[in-house]
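Step one of this worksheet: look at the structure below.
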C-alpha cells in the first residue's frame, strides 16, 4: 500500500478568481448565508500519485475492491450503477482500463459518492494509520488518479481554463497565497454549466493537471474536467 505523501506539492492550478473578486459572470445567488471556509494547502489531504508502487497497488486491487464493496454504502452504490452504464457505453478505443472508466462513471453518478469520498480524501493523508484504517476509498482514489493521468496523456497533456461553482460555502483566500482544493474537484469547460452547482463561490481555474472526462461522465453535457488533489 502507498504511504500518504506528507510534503506540500507544487500547486497544480492557478486560482484566478474567488467569490467577490471573480471575473467570472454568475447569476444572482439565493439569500441563504453560506459557510465561510479559508482555502489553504489542505495539509491532511491524501494526494499520493502512486509513483513506484502502481504495479503493487494494481495487483492488490481486485481483493481490495471486493473488500470495500462489501462495506456497502455510496461506493457500492456508485460502482453498481457505473458498471451497468459502462456495459452500454464500452468503446474498444478507450484509453482507460474498464475499471478506470467505471470509477469515473461512479464518481459522476447521481449518488452522494463524490461528496463522501472527497471528505475522506481531505483527511486520509493525516498519517499512514489514518489511510490504512479509516480510508475506505482506496480503490476509487487509485483508479481516479490513474484515469486522469491516462486521459491527460491521450489528450496531449493540455491545460484547461475551467469554471467551478460551489453552493453553501464561500471559500476565501488571500491574494498571493498558495492554495489547493485538496480533493478531486469537478469543473466545467463552460461557465454556465458550473452555475447549477452553486454560485456562493465561483472559481475560474487554469489547470494543467486536470483532464476532460466528458466521455466517461454520467452527464457528458456538463463538459467536465476533473482536477486531482495534487
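Within segment 172-183, restricting attention to residues that are crowded, with 20+ Cβ neighbours inside 10 Å and out of contact with any helix residue (DSSP H, G or I) (no Cβ under 6 Å at 6 or more places or on another chain), which residue is nearest to residue 117 (Cα to Cα)?
Once the filter is applied, the top-ranked residue is 181.
Considering only segment 60-72, I want to know if a residue exists there that is at pLDDT 95 or above, assigned to a helix (DSSP H, G or I) and within 24 Å of residue 155 (Cβ to Cβ). Break it down into steps so the answer makes sense when it comes.
Quick first cut of segment 60-72, residues at pLDDT 95 or above only: 60-72.
If we keep only those that are assigned to a helix (DSSP H, G or I) as well, we get 60-70.
Still in the running and within 24 Å of residue 155 (Cβ to Cβ): none.
No; the residues of segment 60-72 include none that is at pLDDT 95 or above, assigned to a helix (DSSP H, G or I) and within 24 Å of residue 155 (Cβ to Cβ).
Of all residues being assigned to a loop (DSSP other than H, G, I, E, B) and buried (at least 16 other Cβ atoms within 10 Å of the Cβ) in segment 184-194, which is nearest to the chain's Cα centre (by Cα)? Just the residue, please.
Among those that are assigned to a loop (DSSP other than H, G, I, E, B) and buried (at least 16 other Cβ atoms within 10 Å of the Cβ), it is 184.
Run residue 95 past the list (1) more than 16 Å from the chain's Cα centre (by Cα); (2) farther than 18 Å from residue 150 by Cα; (3) modelled with pLDDT of 55 or more and report the number of the one that doesn't hold.
Failing condition for residue 95: (2).
Please state which one of 69, 104, 113 is surrounded by fewer than 16 Cβ atoms within 10 Å (Cβ to Cβ) and at negative phi.
69 is the lone residue from the list that is surrounded by fewer than 16 Cβ atoms within 10 Å (Cβ to Cβ) and at negative phi.
Every residue, every condition in (1) under 15 Å from the mean Cα position of the chain (by Cα); (2) assigned to a loop (DSSP other than H, G, I, E, B), yes or no:
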{"position": "122", "(1), (2)": "yes, no"}
{"position": "129", "(1), (2)": "no, no"}
{"position": "133", "(1), (2)": "no, no"}
{"position": "141", "(1), (2)": "yes, no"}
{"position": "152", "(1), (2)": "yes, no"}
{"position": "158", "(1), (2)": "no, yes"}
{"position": "161", "(1), (2)": "no, no"}
{"position": "164", "(1), (2)": "yes, no"}
{"position": "182", "(1), (2)": "yes, yes"}
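Would you confirm whether any residue within segment 76-91 is at positive phi and either surrounded by 15 or more Cβ atoms within 10 Å (Cβ to Cβ) or assigned to a helix (DSSP H, G or I) (or both)?
No: zero hits.
The values are calculated or read from the model by the stated rules, or taken from the named source; none is laboratory data. Source: prediction; values computed, not measured. In this analysis, Cβ positions are derived from the backbone assuming ideal geometry, glycine residues included, and neighbour counts consider all displayed protein chains.
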